[in-house]
Every structure is written in structure tokens, then in C-alpha cells.
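Before any comments, here is the structure.
Here, each number is a calculation from the coordinates, and none is a lab measurement. These numbers come from a predicted model, not from an experiment. When we count neighbours, we look across all protein chains shown, and the Cβ atoms used for this are built from the backbone with ideal geometry, even at glycine.
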Amino acid sequence: MSTGLKGWKDIPIGGMILEAGNSAEYETGGWRTFRPVMDKEKCKNCLFCWIYCPDSAIQVENEKIKEIDLKYCKGCGICAAECPAKAIEMVEEGKL
Amino acid sequence: MATLKELSKREELLAGGHRLCAGCGASIVVRQILLAAGKNVVVSCSTGCLEVATSIYPYTSWRVPFFHSAFENSAATICGVEAMYQLQKRKGKLPVDEEIKFIGLGGDGGTYDIGLQSLSGGLERGHDFLFVCYDNGAYMNTGIQRSSATPLGAATTTSPAGKVIPGKTQYRKDLTDIVEAHHIPYLAQASPHNWKDLNKKVEKALSIRGPKFLNVIAPCHRGWRSGINEAISLSKLAVDTCFWPLYEIENGKLTINYKPKNKKPLTEWMKLQGRFKHLFKPENEHILQQLQQGIDCKWNNLLKREEVEKPC
């Protein structure tokens, strides 16, 4: 989340945004009502969840799924719907 | 042709934290395009969901240079940037051995309707750019108003289904055909469910000099009144029903990139979307038939044309 609103003296001239991709500071994970829970044993690392994630929330390391970044995951469930191995389950937040 | 494993090693150029809806098709399309294009691109975007949600001040989700000027001039903007780039290169102010690519983006509102003249101008002048339309079939950003990409019979807030009209009463515009009439070197239709095909098309388009065009279907569950997790399955069905055929036209020659083994009836795709719900009432059956006939006609013409254009 933002650290609060800045005054005009704090904002760069022209309202420039100085860092590319700084929306990463804005965590959209709070939108989520269902959380994707991955069963690593079932996962075959086909990376379909990664290529189909609208929120760049699936982290891949060395060609393998590392984790689902809950900071950005909005809980749409496309990963669970498209997973050929049925390794992802959508669980309601608060019922974990 | 990159595999998913190879693609996964590339840098993620669309940062998370953008404010597009959960389950949005547009961001899937953009992520796949940027993965194929790489970092040496400049992007312009017309006003629309994608633009407003990825550039809310003081944030930006773009890790590549990104321009937004207005609704109608995404193509004109990127053409201007490209022209200046070529000039600076000629003047020796920019390195000659480095190749920067230019991508214009727009939704169907910003491409089929409001930005059509600037796109047409850019294509005709022959700038070296790729224009990508993510087609979700209505003005979703402002609350689902009909556009010229909205299919016949679809309910939107400005073509509401009720006693007076059964949803939109006009056919959708075939933009890919209109773009083809500009005689550009490369144009194609793609879908995010077939990432391999989309990836290949972006790579191919960017390797060709001159104006290129890609029309990509981008399901919108708010406007289509479908499930939040159905963006990929609906784009697949759109292709399997031949509502959205995957084809490319390179130097005037058509290639169909995917032919469904069992072409599914259009209703398979439509019944999952609330915007078509009213069409399943007995009094609207003729609209369903009309839609199916239109799709069959277009698909058969594509098949025939491909056959004719086959090299001997």
C-alpha cells in the first residue's frame, strides 16, 4: 500500500513517476476472497498457471513454480481452472 | 519458438499491483505479448481498462517505456515516436546497431471505433510498428457500453435486452478484414489460451519491417457476465466454435493456424455468458441461427481462401 499522500513539495517535477513498475508496491492481494492453495506434490511444473495469471502473481525459479505471491493474487482462480494436474485448490479466505 | 520454460526465464515486464479486475483477460494478453517482445520496446496505449488500471498515479505497472495520450490516437502516438526514433538514428544521435520495436495497444473501443482513423493512417503511411487490439467486445472500462466489436444480440448497458430490443441489433465489425485492406505485410488473429501461437505471432510480427496488426480476444467477465475464472476457457471456446478463428495473413497470403477437429456449435460458447442469456428464449431463436450462419459463412470462406492460396 501507499505510504500516504505526498504534498506538492515531495512530488517530482511534472508529477513524474521515477521507478518503472512501481505498482508492485501496491498490494492487490487484499481483494481476494478465495486463496489458491497449491499441492506441490501434484504440481508437474507445466507453468500453465504462470502464463495464464493476469496478475503476475506466480513466481517461477529455475523453470519450477516457486510460490504464488499472495501480495498480488486477486483470487480469480484461473490458475486452478487451467491446471492440468488439478494441483491448485481455491479455498475461501478465513477458512484456512 | 520459445517454450514456456524458456519464457519463464525472461523478465516480467508487467508488474503486479495493477488495478485490472481479478480474472481479466487483457492483462494475460499483455503479459504474453511483452514476454515475446522483450525489453527493447516502446508501448503506447489508448484510453481504456488497460491504460487506466496500469497507470494510476503515482504508480505504473510498465517496466518498458509507456505512453498514453488519448483515446483516439494510440497508433498516431506510437507512429510519431517511431518516426522520431528513425530520425535520431539517421542523425547519428542514437546507436544504429540497436533495434527498438514499437507496439501500440488499444481495446476494441480504442481500435474498432475511436482510434480507427489514427490506426488506418499509421498503417497506410507504413510506419514500423505493431498494433495490438485486445478485443473484449464493448466499452468495459466505462461500464459495458456497446462498441462496434460487440456481437449481434449481446446485451450491454446501451443495447439492453428487453421488450424493445433483443440486445445489440447490428453485426459486429470485422476489423481484421478492414486492416487487411491496408495491404500491410503482416496481420493475425490470436487468443491468450494458445500462448504458443500468440508468442509466435508477436515474434514474427516484430521481425518484419513495416506496419503489423494483431487482433487478440480478451474475455471480460464483467461485461460478458461469465465466471471470474473463465477467461482462458472462454477464449478457447471462442476459437473452437470458430467465433474467433486463429489465422494470419502474411504478404496477402492467408494461413489458418488452428482448425478445430470438432467445430463446436456457437451456443456452447454463448451459453456460458449472461450477455447472451435472453437469446436462448424461444422468441429469439432466429438470432442464434443468424449468428451461427454468419460464423459458418466466415469460417468456410477462410477455408476456401486458404485452399486457393496454397502454393502449387
task: State the extension gain, in nm to one decimal, for the chain segment bounded by A:L5 and A:K71, taking 0.36 nm per residue of separation less the distance between their alpha-carbons.
output: 21.7 nm
- request: At a Cα cut-off below 16 Å, give the aspartates and glutamates reachable from B:K264, other chains included and same-chain residues fewer than 8 away excluded.
  value: B:D240, B:D296
query: Once the dipole of the protein assembly as shown is set up with Lys and Arg at +1 and Asp and Glu at -1 on Cβ about the Cα centre, which of B:M270, B:T47, B:T255 lies farthest towards its positive end?
result: B:M270
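Given only helices, namely DSSP H runs of n ≥ 4 each adding -39500 (n - 2.57), what is the per-residue ellipticity at 222 nm of chain B, to the nearest 500 deg cm²/dmol?
Mean residue ellipticity, 222 nm, calculated: -10500 deg cm²/dmol.
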field: Under Karplus coefficients 6.51, -1.76 and 1.60, residue-wise ³J(HN,Hα) of the stretch B:199-214 in Hz, glycine/proline x
entry: 4, 4, 5, 5, 4, 5, 4, 6, 8, 9, 8, x, x, 10, 9, 10
- prompt: So for the pair B:E124, B:K263, with labels modelled 7 Å out along Cα→Cβ, what separation do we get in nm?
  reply: 3.5 nm
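Take the residue pairs B:K9/B:K298; B:K168/B:K271; A:K42/B:K204; B:K261/B:K304; B:K201/B:K236 and return only those whose Cα atoms are more than 28 Å apart.
Among B:K9/B:K298; B:K168/B:K271; A:K42/B:K204; B:K261/B:K304; B:K201/B:K236, the Cα-Cα distance tops 28 Å for B:K9/B:K298; A:K42/B:K204.
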- prompt: If r is the Cβ-Cβ distance from A:T33 to B:R90 and R0 is 60 Å, what FRET efficiency results, to the nearest 0.05?
  reply: 0.60
field: Gaussian network model of chain B, Cα within-10 Å springs - most flexible of B:K253, B:K91, B:K212
entry: B:K91
- request: Can you put B:L266, B:L50 in order of Cβ neighbours within 10 angstrom, beginning with the fewest?
  value: B:L266, B:L50
- line: Hydrodynamic radius by Kirkwood for chain B, inverse mean 1/r across distinct Cα pairs, in Å, is 19.9 Å
- request: Quick one: go through the stretch B:112-128 and flag any residue whose amide nitrogen is under 18 Å from the point 7 Å out along the Cα-to-Cβ line of B:A181.
  value: B:112-126
- line: With label points set 7 Å from each Cα along the Cα-to-Cβ direction at B:K281 and A:L18, the distance between them in nm comes to 6.0 nm
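Around B:G110, with a cut-off of 10 angstrom between Cβ atoms, what is the net charge of the other residues, counting Lys and Arg +1 and Asp and Glu -1?
Here the count lands on -4.
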query: Using the 10 angstrom Cβ neighbour count as an exposure proxy, how do A:T28, B:T111 rank, fewest first?
result: A:T28, B:T111
statement: Unpartnered Cys in chain A, judged by a 4.7 Å Cβ-Cβ cut-off, are A:C43, A:C46, A:C53, A:C73, A:C76, A:C83
query: Once Rh is set to the Kirkwood radius over Cα pairs, what Stokes-Einstein translational diffusion coefficient, in µm²/s, holds for chain A at a temperature of 10 °C and a viscosity of 1.306 mPa s?
result: 105 µm²/s
query: Using the alpha-carbon centroid of each, what span in Å lies between the stretch B:272-297 and the stretch A:33-50?
result: 36 Å
message: Within a 10 angstrom radius of the beta carbon, how do B:D113, B:D97, B:D174, A:D10 rank from fewest other beta carbons to most?
response: B:D97, A:D10, B:D174, B:D113
query: Which value, in nm² and rounded to one decimal, describes the direction-averaged projected area of the C-alpha convex hull of the stretch B:1-73?
result: 5.4 nm²
